[in-house]
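I have placed the structure first, in the form of structure tokens, so that the comments after it can refer back to it.
The values are calculated or read from the model by the stated rules, or taken from the named source; none is laboratory data. This structure is a prediction, so every number in the text was calculated from the model and none was measured. Ideal geometry is used to build each Cβ from the backbone, glycine not excepted, and the neighbour counts take in all protein chains shown. Please note that ligands, DNA and RNA were not included when accessible areas were found on the heavy atoms of the full protein model with its side chains. Shrake-Rupley method; radii C 1.70, N 1.55, O 1.52, S 1.80 Å.
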Amino acid sequence: MTAEQRRNLHAFGDYVRKTLDPTFILSYMAPWFRDGYCGLCEAIESWDFQKIEKLEEYRSLLRRLQPEFKTTINPKDILPEIAECLISQECEEILQICSSKGLMAGAEKMVECLLRSDKENWPKTLKLALEKEESRFSELWMVDKGAEDVKMKDLEDDEMKTCDVQIFYKEEPENQNLSQNSCSSSEAPHTYSPLKPRKYQLELALPAQNGKNTIICAPTGCGKTFVSLLICEHHLKKFPRGRKGKVVFFAIQLPVYEQQKSVFSKHFERLGYKVAGISGATSDTVCVEQIVENNDIIILTPQILVNCLTNGTIPSLSVFTLMIFDECHNTSKQHPYNVIMFNYLDRKLGGSSDSLPQVIGLTASVGVGDAKNKAEATEYICKLCASLDTSVIATVRDNLEELEEVVYKPQKFFRKVELRTTDRFKCIISQLMMEIESLAKSIFEELGGLFQIQNSNFGTQKYEQWIVKVQKECAVFQMPDKDKESRICKALFSYMSHLRIYNDALIINEHARMKDALDYLKDFFRNIRAAGFDEIEQDLTQRFEEKLQELESISIDPSNENPKLRDLCFILQEEYHLNPETRTILFVKTRALVDALKKWIKENPKLSFLKPSILTGRGKTNQNIGMTLPAQKCVLDTFRTDKDNKILITTSVADEGIDIAQCNLVILYEYVGNVIKMIQTRGRGRARGSKCFLLTANADLIDKEKMNMYKEEMMNGAILILQTWDEAVFKEKIHQIQIREKIIRDNQGKPEPVPDKKTKKLLCKKCKAFACYTADIRMVENCHFTVVGDAFRERFVSKLHPKPKSFGNIEKRAKIYCARPDCSHDWGIYVRYKAFEMPFIKIESFVVEDIATGVQTVHAKWKDFNFEKLSFDAAEMAGGAQDLGLQGMGNLE
């Protein structure tokens with residue numbers, strides 16, 4: 001249908017409605033309906049529009065989020081994932097608009113199509129697509145209020161994860177050093193030959209080969225992975241006939257896990273040992289118990305073992321004879337490494353008769369925490385040793401010269417640069433931002449001051465955080481007048497989206513060229529014009545365009561050149577003059593800055609010979625598109641092999657476990673971390689005579705980096721002190737720390753409350769319909785909860801699960817929902833457990849009501865709900881097992 005035909009149909013629609021009897025044509029339209037509008041077809045056939053009506057709350061949310069959606073989402077990226085919720089003509093139209101009018105217009109068309117979609121699963125399908133693309137918009141698209149909680153034990157999760165969100169520093173995989181000793185990559189796998197160890201590697205391995213629990217602390221790039229191979233091989237071969245060793249190697253990050261699994265497989269399978277790996281991505285498709293039982297070496301992400309120890313799949317650490325912790329400096333607080341060692345230490349200190357495995361830790365830096373002097377640093381390192389039950393720290397001492405031939409420590413230089421003395425560009429953009437804040441403030445006042453403009457730190461991360469906070473609050477804001485609510489929230493999102501873009505531009509302006517910041521803004525407003533361009537956007541665009549001529553003039557004025565770029569250019573010219581074969585890695589804070597500096601180098605006649613390439617992370621934010629894993633690998637391969645590609649511009653992704661070729665110049669452009677991060681980042685400069693520059697306008701950053709260097713010296717001094725201690729003294733010190741920490745740990749643990757044996761009701765959280773009594777709830781494998789009795793089955797309906805999976809004894813088959821047609825709240829899943837079919841319910845889906853008092857409470861997790869938890873007994877259901885299965889499957893829609 002053409003646009004003109006649509007207009008005419010809208011204009012003369014009343015005549016059609018008055019004349020046409022739909023019952024006469026419905027049968028002719030049915031095949032076409034089923035093909036394109038199956039939800040509407042189903043509703044018309046049964047004259048039940050409740051499913052379509054329930055989509056209205058999501059349509060309302062999408063309408064208010066539309067300004068952020070079109071400025072954040074690349075529709076081409078998520079279209080393949082949500083195509084099933086649209087008709088084919090709509091998909092083609094979205095792609096056509098993306099090509100002809102731009103991505104914003106395409107995103108706006110996608111919103112229009114989703115608002116019309118009659119597929120009841122489109123809100124969740126959109127959520128999954130956003131999460132897959134790691135889009136920040138997914139934080140605002142709240143399909144289920146409880147969906148953001150990470151549950152370690154819930155089978156609804158695709159992976160088993162820790163509940164606490166933490167940041168851990170990672171060390172680079174070291175296959176580069178393995179390949180130096182082994183055959184070239186061009187050789188066929190069957191030609192793999194044994195690796196020849198260097199003397200310093202044998203020195204590092206020796207204490208562990210003598211059976212001692214050891215932390216191996218050695219520089220990035222020296223081949224600690226190869227040292228772990230030596231230790232493993234010695235360990236497995238020492239067992240007499242009839243006994244076997246079993247090794248577990250822990251890797252925190254998935255790329256490191258994949259690499260180590262490959263390295264261990266190549267090395268040990270030729271020797272007749274069996275090697276297998278399990279990560280969060282594969283754990284629900286394999287039986288962990290069998291993998292551990294049937295293999296000699298198991299590569300794991302640590303949370304897998306935490307889960308298995310918790311649910312009893314692996315009863316004890318005594319099944320292993322050797323545990324190796326990669327990046328062991330993370331063994332602190334509630335990190336999975338520490339949780340595993342809590343289990344180990346509880347058995348050791350509790351006098352368990354079970355044998356415990358040998359423990360090895362690998363790290364480039366043990367760190368010193370907040371230590372201010374060598375004594376405090378020594379205490380910090382002792383605490384790490386106590387956590388890992390190690391009394392030996394192995395470093396290279398006898399073969400330092402050989403180590404220095406392999407790993408070169410770069411010289412460190414600090415360059416304090418000046419900011420622009422005047423910045424007219426920043427003044428103009430700040431004025432525009434204040435005008436938008438005033439517009440937003442008028443809405444805030446209309447809402448009774450619900451949202452407050454808390455700061456005006458334009459061009460900072462703090463300001464970005466405030467924008468995100470307002471957007472999240474706006475997404476769940478409600479008013480009695482829904483039309484007014486939609487209008488206000490949509491306006492707020494438009495204002496916040498423009499403030500975010502201006503904030504990004506100020507950051508680019510501070511660290512790169514004004515021209516790059518202005519181009520960033522012009523691209524944004526060009527896309528805005530090509531999309532819906534409502535009244536608010538027209539007003540905000542007009543305000544920008546009124547200043548555009550002045551901004552253009554300022555950006556091309558040579559006197560406004562960024563002094564930081566002058567210094568960066570000087571360093572690069574000087575280093576390439578001294579050594580034309582120099583290879584550089586340039587670290588920056590944001591992706592937008594990566595793009596801006598690449599553009600500056602390519603357009604600078606003094607530097608264009610560098611032929612820059614870029615490397616960024618996989619996530620996506622705003623207008624910046626993340627890199628896929630294959631794209632990252634392609635960039636790194638090119639940087640290794642193409643000698644014309646002399647500089648790699650990257651974010652922090654390059655110091656987080658990615659193997660990078662040798663380079664002799666590292667530049668930290670306003671980029672500083674802690675002492676562990678510093679040692680790892682500096683470790684990228686491996687070539688002889690390498691240098692590391694910190695370039696910053698912030699004197700505090702230089703002070704922080706100097707403090708990191710001081711802490712590194714303090715750490716090395718503390719390690720030397722500990723290495724002079726008598727081993728018995730060291731062991732006693734470690735033992736006393738372990739006892740003290742266990743007492744603290746035990747006292748911090750909340751006393752087990754006496755279970756409340758009073759029967760309570762569970763009500764649907766959404767509609768308050770009665771679901772079951774607590775007396776009917778049973779616990780399965782210590783972490784899942786089912787309801788016995790046929791009565792409960794009348795209170796839910798089931799639908800086949802979109803992602804049926806098996807995990808151990810459990811096969812996930814369906815989703816269960818409240819049976820009330822006007823509710824359909826998600827209650828959990830329907831599974832096959834051994835010979836039985838049963839529901840597993842989620843406590844967060846219910847309200848708990850005290851029968852005696854009528855008081856109602858909600859709980860996020862089962863562990864927070866104190867009631868008498870009775871274990872599942874097959875005997876309770878044995879008599880009706882067959883009927884149970886038939887009835888359950890009969891409920892599936």
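List of remarks:
- For the listed residue pairs Lys564/Lys646; Lys472/Lys768; Lys101/Lys484; Lys646/Lys691; Lys101/Lys124, the alpha carbons are over 24 angstrom apart in Lys472/Lys768; Lys101/Lys484; Lys101/Lys124.
- Taking all protein chains together, Arg745, Arg566, Arg63 sort by accessible area into Arg566, Arg63, Arg745, largest first [probe 1.4 Å].
- Spin-label pair Lys863/Met434, simplified geometry with 7 Å Cα→Cβ offset, distance in nm: 5.1
- Using alpha carbons only: equivalent-ellipsoid semi-axes of the stretch 76-125, gyration tensor based, whole Å: 18, 10, 9
- Asp703 versus Asp354: modelled label distance in nm, points set 7 Å from Cα along the beta carbon direction: 5.1
- Computed about its Cα centre, the charge dipole of the stretch 744-852 is approximately 340 debye, with only Lys, Arg, Asp and Glu carrying charge at their Cβ.
- Nonlocal amide H pairs with Glu837, under 5 Å, H built at 1.01 Å: Gly885
- Taking 20 Å as the limit for the C-alpha separation, the pairs Lys803/Lys861; Lys469/Lys765; Lys212/Lys731 exceed it in the case of Lys803/Lys861; Lys469/Lys765.
- Evaluated at q = 0.12, 0.23 Å⁻¹: base-10 log I(q)/I(0), Debye formula over Cα of the stretch 339-417: -0.58, -1.15
- For the stretch 477-542, alpha-carbon Rg over 2.2 N^0.38 Å: 1.36
- Cα gyration tensor shape of the stretch 817-858, rounded if a/c is under 1.5, else prolate or oblate by comparing a/b with b/c: oblate
- The 1.4 Å probe gives accessible areas that order Leu648, Leu870, largest first, as Leu870, Leu648.
- Backbone HN-Hα couplings from phi across the stretch 244-250 [Karplus 6.51/-1.76/1.60, Hz, Gly and Pro as x]: 9, x, 9, 10, 10, 10, 9
- Each part gets one Cα centre, and for the stretch 764-806 versus the stretch 87-137 those centres are 34 Å apart.
- Estimated FRET transfer efficiency when R0 is 25 angstrom, pair Lys54-Lys805 (beta carbons, to 0.05): 0.40
- Taking a ≥ b ≥ c as the square roots of the eigenvalues of the alpha-carbon gyration tensor, the stretch 218-373 is classed rounded because a/c is under 1.5.
- Between Thr853 and Asn457, residue separation times 0.36 nm minus the direct Cα-Cα distance comes to 137.5 nm.
- Applying both filters, DSSP loop and at most 12 other Cβ atoms within 10 Å, to the trypsin sites (Lys or Arg not before Pro) of the stretch 216-250 gives Lys238, Arg241, Arg243, Lys244.
- Whole-number accessible area per residue in Å² for the stretch 46-90, which is evaluated in the context of all protein chains at 1.4 Å: 45
- Tail fraction, Cα-Cα pairs, the stretch 228-306, threshold 17 Å, whole percent: 43
- Atom-type composition of the exposed protein surface of the stretch 309-349 places 50 percent of the accessible area on carbon and sulfur (1.4 angstrom probe).
- For the set Lys522/Lys602; Lys224/Lys372; Lys224/Lys409; Lys127/Lys599, the pairs lying more than 26 angstrom apart at their alpha carbons are Lys224/Lys372; Lys127/Lys599.
- Average accessible surface for the stretch 286-374: 34 Å² per residue, computed with a 1.4 Å probe over protein heavy atoms with every protein chain in place.
- Ordering Lys441, Lys333 by accessible surface, largest first, gives Lys333, Lys441; the 1.4 Å probe counts only protein heavy atoms, with every chain in place.
- Diffusion coefficient of the stretch 732-855 by Stokes-Einstein, Kirkwood radius over Cα pairs, 20 °C, 1.002 mPa s: 126 µm²/s.
- Estimated dipole of the stretch 321-373 in Debye, rounded to 20 [Cβ of Lys and Arg +1, of Asp and Glu -1, Cα centre]: 140
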